[in-house]
Amino acid sequence: MIADGFLVMSGIHKRFGGTVALRNVSMSAACGEVHALVGENGAGKSTLMNVLSGAVLPDSGRILIDGVPVIMSTPHQANKLGVRAVHQEFSLVPHLTIAENILMGKMPSRHGLWVDWREAHLRARRILGDLGFTHLDERARVSRLSVSHQQIVEIAKALAEKPRILILDEPSAVLSKDELDLLFSLIRRLKTDNTLVVYISHRLEEVFEIADRITVLRDGELVDTVHRSSVSQSDLIRMMVGRSMEEIYPRRSTKPGARILTVERLSRDGEFRDVSFSLHSGEVVGMFGLIGSGRSAVARSIFGAEPAASGSILVEEKRVRLRSPHDAVSAGISLVTEDRKRDGLVMSCSIRDNVSLASLWRMSRSIFLDRVRQARLVQEKVQELAVRPAAIDRLVRTLSGGNQQKIVLAKWLLSQTKVLLLDEPTRGVDIGAKVEIYHLINNLVAEGVGVLLISSEMPEVLGMSDRVLVMREGVLVGDLTRAEATEELLLQYAAGVAQDELRSAGTKGQT
């Protein structure tokens, strides 16, 4: 039984202008507990943790640690009280090394005059080793690291001070399966050291794997705090969004039409080889595979971003040569990339400009941009996709993850695409936004668009696809109907089990 009382947040209220972000929210947690915080985007999760970490001052309410009232007026003050937060947006200095970032403000020195680099590298290496991240070189510059490795450095930086309370806000969004396993092992060790870990995630399977208790927020208010063993994922979804699990993946009544995309023996050295499949209008084909399987590389080649070395692509039975994304867009192919912030959006620009990027030809008169027509077309798409807020001159960086993803989709829908390649289309968005994206996909399919849905979430692939392709080590190893596909079979194909069994059965049949 978990004994509450180490951390108590009581009656927390916060308003930003006319918007109430938190309304009388209370939660409590114990030492050595993993306490998950879940809810849709805008539910108040990050705001509540920003209050705890000193980044946001509440309008009212109080915080107690070990029964003592505390005031978290700044992050520095929260740090002194043993609270460290790992936010979705990194706080690393790109041009410095891993060691310099981890030990920032606490670099060892010789006689107080100059940095003791040998000791600094030794300390950083020891911290990374203690956390299980021995594959990182403490001398490496952060700007040259992958996003997942930057996330690991951010976590190491937070743990260097041995906090009493560690807040992890969507830590797994950019981690591989192996890195996530290391993170979970680390969290379990922190529990044994009596550290309280507050874990925020949209991925409910992670929450059920690692959390002891779960607090649910909706529209800035507390719904309930429950023990993990007392609820199912369906129960949790219903608490978060007021919908049942059965309503998450909407069914389609339309049947696939003519073949709209044909990929024949597509190959790219070092990434994939001899990939062949077809996609019909009004069809969703899922593509599943473990990290490094080549699934995203196939999508980038079809889009012309990384042209294939050999093979053919046909759109509506006509062979096309796709040497660039411009060629692909001209042929009616579009790609929603895995990393929307880096590859899908211009974060410093408005909704209007982002949605227009692939369709300026539709908004121009001669060589001049028709701003009135642009505003009308963009506003129509923004309203159709229920982007919130719908003000088209708002900067996209101010939107939630789910609404940013809708802007990426709106950009390609405005270009009148025939083939839509979706690479992790719901990564980092909440359940409510996922359902809206799924309904949007179904609407596109009903209009005759062919959709290739690449996802690492098996329930999403199985729930949305008419057929499922499975990639493994750059090879297409499975093509399954909706009736054939199961989670177990997808994993078998992705891990190579199914092929090994087939080869084994063939050998036995010959003896």
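The values are calculated or read from the model by the stated rules, or taken from the named source; none is laboratory data. The model shown is predicted, which means the values in this text are computed figures rather than measured ones. No Cβ is skipped: glycine too gets one built from the backbone with ideal geometry, and neighbour counts run over all protein chains shown.
Side notes on the structure shown:
- Qualifying positions in the stretch 58-93 - surrounded by 13 or more Cβ atoms within 10 Å (Cβ to Cβ) and within 22 Å of D430 (Cα to Cα): A85, V86, H87, Q88, F90
- For beta carbons closer than 9 Å, sequence separation of 6+ or different chains, a first residue in the stretch 316-340 that is assigned to a strand (DSSP E or B) and a second that is surrounded by fewer than 21 Cβ atoms within 10 Å (Cβ to Cβ) and acidic (D, E), the qualifying pairs are V320/D327; I333/D327; L335/D343.
- Criterion applied to L168, L159 was being under 15 Å from the mean Cα position of the chain (by Cα) and modelled with pLDDT of 90 or more, and the one residue passing it is L168.
- Looking across V223, V263, one residue alone is surrounded by 16 or more Cβ atoms within 10 Å (Cβ to Cβ) and in the same structural domain as N50 (by TED's automatic domain parsing). It is V223.
- If the condition is being more than 26 Å from R340 (Cα to Cα) and buried (at least 21 other Cβ atoms within 10 Å of the Cβ), then the stretch 161-182 contributes I165, L166.
- Filter result (touching a residue at least 60 places away in the same chain (Cβ under 8 Å), surrounded by fewer than 18 Cβ atoms within 10 Å (Cβ to Cβ) and under 14 Å from S278 (Cα atoms)) within the stretch 431-489: D479
- Pick from the stretch 35-57, criterion touching a helix residue (DSSP H, G or I) at 6+ places or on another chain (Cβ under 8 Å) and closer than 19 Å to P163 by Cβ, ranking: surrounded by the fewest Cβ atoms within 10 Å (Cβ to Cβ): A55
- Lone qualifier among S359, S324 - being modelled with pLDDT under 90, assigned by TED's automatic domain parsing to the domain that holds N442, more than 24 Å from the chain's Cα centre (by Cα) and of a type in the set (S, T, Y): S359
- Of all residues making up the stretch 165-189, the number that are in contact (Cβ under 8 Å) with a residue 60 or more places away in the chain and either out of contact with any Leu (no Cβ under 6 Å at 6 or more places or on another chain) or of a type in the set (D, E) (or both): 10
- Selection status of G18, of a type in the set (G, A, S), out of contact with any Asp or Glu (no Cβ under 7 Å at 6 or more places or on another chain) and under 24 Å from I187 (Cα atoms): no
- Of all residues making up the stretch 208-229, the number that are of a type in the set (G, A, S) and under 20 Å from L166 (Cα atoms): 1
- Number of positions in the stretch 306-362 that are basic (K, R) and crowded, with 21+ Cβ neighbours inside 10 Å: 1
- In the stretch 266-305, the residues that are surrounded by fewer than 19 Cβ atoms within 10 Å (Cβ to Cβ), of a type in the set (S, T, N, Q) and closer than 26 Å to R427 by Cα: S278
- Residue ID - farthest from the chain's Cα centre (by Cα), chosen from residues in the stretch 94-120 that are of a type outside the set (A, V, I, L, M, F, W, C) and surrounded by 19 or more Cβ atoms within 10 Å (Cβ to Cβ): E100
- Residue among T195, T262, T225 that alone is touching a residue at least 24 places away in the same chain (Cβ under 8 Å) and over 22 Å from K45 (Cβ atoms): T262
- Residue identified as touching a helix residue (DSSP H, G or I) at 6+ places or on another chain (Cβ under 9 Å) and over 30 Å from M458 (Cβ atoms) among V198, V142, V147: V142
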